[in-house]
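Q: Got a structure for you, questions after.
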């Protein structure tokens with residue numbers, strides 16, 4: 001669309017800008033302010049410069065939390081994206097069954113995150129949970145409070161359960177936007193199921209998939225409530241991800257300076273990765289527009 | 001099998017039979033449909049099983065839960081639900097959560113609609129940077145803002161009110177709404193605006209009477225997302241409230257007491273948090289298929 005150049009559009013943006021500024025800029029400035037000072041009490045504070053940043057970057061606890069975070073995010077993306085595409089392809093396209101499946105698939109997305117944790121806690125406990133109990137009956141000593149591997153696998157299954165629907169729904173609506181004529185042409189050409197997927201469906205899905213991957217990456221990088229309720233970050237600190245380390249530091253120990261520095265580093269990492277995605281989306285849209293023109 | 005021209009009637013017959021068999025092997029739509037149905041059913045079972053378990057436990061007494069594992073409630077009881085509906089602390093948790101979610105949806109929608117219109121129709125100084133800056137707020141981890149939010153809302157006297165949580169959730173919901181709505185608005189041809197203005201519509205009248213109805217499914221999907229992200233968020237909601245506006249999520253932590261965890265009530269409370277979600281999906285189910293791609297297919 002060729003947009004008109006008009007600076008009065010700022011008036012339409014203004015209310016939103018004020019509101020977001022109130023809830024984003026002021027708090028962010030507070031964080032920046034804290035990150036360069038050492039605060040003892042309301043009166044005594046010293047300017048420390050980059051000291052906190054250096055300290056945080058060298059902190060082994062945070063380094064390992066960061067590594068775990070990346071491992072987690074990449075694992076769930078590798079599982080959820082193909083699985084989501086597969087489910088979108090399987091979902092019925094019309095009739096009452098389509099509505100029913102749609103509602104059921106969407107369900108996990110609308111459960112509060114801490115309740116997701118509770119659900120999986122109840123489901124996987126060895127004494128009262130169906131899954132934990134069954135695994136024990138089958139002879140596997142399943143225990144998420146003592147075995148890091150069990151805890152990890154459970155958290156990943158939980159996240160797949162929780163978030164695959166998002167990818168599936170995005171892909172589903174992407175698939176619905178493909179005109180029937182494409183499939184008819186493919187049938188005339190006797191295209192195999194795989195080539196229909198590879199050359200008709202997948203290209204049409206790229207846009208929604210990029211959105212889905214971006215959203216999933218962002219949210220998995222901020223994951224807090226689910227592992228907090230399910231494992232409490234344990235056993236040891238094997239499932240303590242970045243948000244939880246930060247929350248422990250900021251609200252538990254009241255280390256304002258270091259946790260502010262940590263916050264900024266954390267935020268910058270997400271920004272960097274998301275910026276890469278964003279430019280990718282923008283370039284894709286540009287390609288598409290120039291292709292259509 | 002060779003595909004060369006057959007020379008004898010016999011060869012014609014065998015070749016035709018082979019082609020037939022090949023076709024049957026390849027097509028057989030009946031089995032394919034069965035296999036698809038089966039896989040889909042397997043996934044649905046995977047989705048529903050943990051929820052079923054929650055439902056199952058919510059209808060059991062704590063004694064039954066901690067005793068022998070039972071696949072369905074043996075002594076069906078509504079006692080856990082009665083606990084929740086008879087205790088103001090409990091049911092006010094739901095009221096508080098719904099109150100700030102609705103407030104947040106209203107605020108976000110009102111400011112995001114004009115902003116999204118501006119982004120989709122006009123170029124102006126700094127538009128691209130502003131849009132990216134907006135999106136960055138969606139990426140900000142709530143944990144980063146815990147402490148400053150607490151201090152900010154405490155200073156302005158909004159601590160422990162519904163408005164505080166509603167405003168805090170604007171941090172990620174407004175950018176999200178602008179982003180989704182912008183996609184849908186860009187799908188509406190600009191000629192519609194121009195025609196309406198030539199016909200003498202003022203901007204507000206055009207916006208409300210003509211433009212908004214055209215992006216109905218976009219608005220539906222946006223509301224769905226706003227509800228979803230505000231309803232499920234725990235960290236900020238818990239930090240910004242203490243007693244008056246406590247969300248259900250943090251009321252639920254009360255189930256663990258010194259004498260152990262009240263599993264039955266915890267399950268019942270969990271089940272009740274799923275209900276509003278089901279209602280919302282039910283209302284937007286016809287828009288999801290089209291609108292979930294956020295106007296960007």
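None of the figures in this text is laboratory data; all of them are computed from the coordinates on show. All values derive from a computational prediction rather than experimental measurement. No Cβ is skipped: glycine too gets one built from the backbone with ideal geometry, and neighbour counts run over all protein chains shown.
Q: Among B:76, B:150, B:172, which one moves the most in a GNM of chain B with springs linking Cα atoms closer than 10 Å?
A: Result: B:76 has the largest fluctuation of those listed.
Q: Still on this structure: Residue A:50 to residue A:280: extension gain in nm, 0.36 nm per residue of separation minus the Cα-Cα distance?
A: Gain on extension, residue A:50 to residue A:280, equals 79.6 nm.
Q: If you don't mind, there's one more thing I want to ask. Among A:225, A:181, A:100, which one shows the biggest mean-square fluctuation in a GNM of chain A, springs joining Cα atoms closer than 10 Å?
A: Highest fluctuation of the listed residues: A:181.
Q: Now, a different point. What is the distance, in nm, between label points placed 7 Å from the Cα along the Cα-to-Cβ direction at residue B:95 and at residue A:188?
A: Reported label-point gap for residue B:95 and residue A:188 is 6.5 nm.
Q: Give me the distance in nm between label points sitting 7 Å out from Cα along the Cα-to-Cβ direction at residue A:32 and residue A:98, one decimal.
A: Between residue A:32 and residue A:98, the label points sit 5.0 nm apart.
Q: How large is the direction-averaged shadow of the alpha-carbon convex hull of the range A:145-271, in nm²?
A: Computing the convex hull of the Cα atoms and averaging its projections yields 10.1 nm².
Q: Got a sec? How would A:163, B:53 order by Cβ neighbour count within 10 Å, fewest to most?
A: Sorted ascending by nearby Cβ count, the order is B:53, A:163.
Q: Let me ask something additional. Which residue fluctuates the most in chain B, going by a Gaussian network model with Cα springs under 10 Å, if the choices are B:238, B:33, B:209?
A: Checking each option, the largest mean-square fluctuation is seen for B:33.
Q: Which length gain, in nm to one decimal place, applies between residue B:88 and residue B:163 when the Cα-Cα distance is subtracted from 0.36 nm times their residue separation?
A: Full extension from residue B:88 to residue B:163 adds 24.9 nm.
Q: For residue A:6 and residue A:75, FRET efficiency with R0 = 35 Å and r from the beta-carbon atoms, rounded to 0.05?
A: 0.15
Q: May I have the convex hull volume per residue, in Å³, for the Cα set of the protein assembly as shown?
A: Normalising the Cα hull of the protein assembly as shown by residue number yields 216 Å³.
Q: Let me ask something else. Kindly list the residues of the range A:163-196 that lie in the label zone of residue B:35, defined by a backbone N under 20 Å from the point 7 Å along the Cα-to-C-beta vector.
A: Zone members listed by number: A:187, A:190-196.
Q: Further, regarding this structure: Please express the Cα-Cα pair-distance distribution P(r) of the range A:52-292 as a list of whole percents, one per 5 Å bin, running from 0 to the bin with the greatest distance.
A: It works out to 1, 6, 11, 14, 15, 14, 12, 10, 8, 5, 3, 1, 0, 0, in whole percents.
Q: Along each principal axis of its Cα atoms, how long is the range B:86-291 end to end? Whole angstroms, biggest number first, please.
A: 71, 38, 25
Q: Report the full-extension gain for the segment residue A:197 to residue A:156: residue separation times 0.36 nm, less the Cα-Cα distance, to one decimal in nm.
A: Stretched out fully, the residue A:197 to residue A:156 stretch lengthens by 12.0 nm.
Q: A further question on this structure: Of A:113, A:10, how do they rank once you tally other Cβ atoms within 10 Å and put the fewest first?
A: Going from sparsest to densest Cβ surroundings: A:10, A:113.
Q: Also, I was wondering about something else. Would you mind ranking A:275, B:90 by Cβ crowding within 10 Å, fewest neighbours first?
A: Lowest to highest Cβ neighbour count: A:275, B:90.
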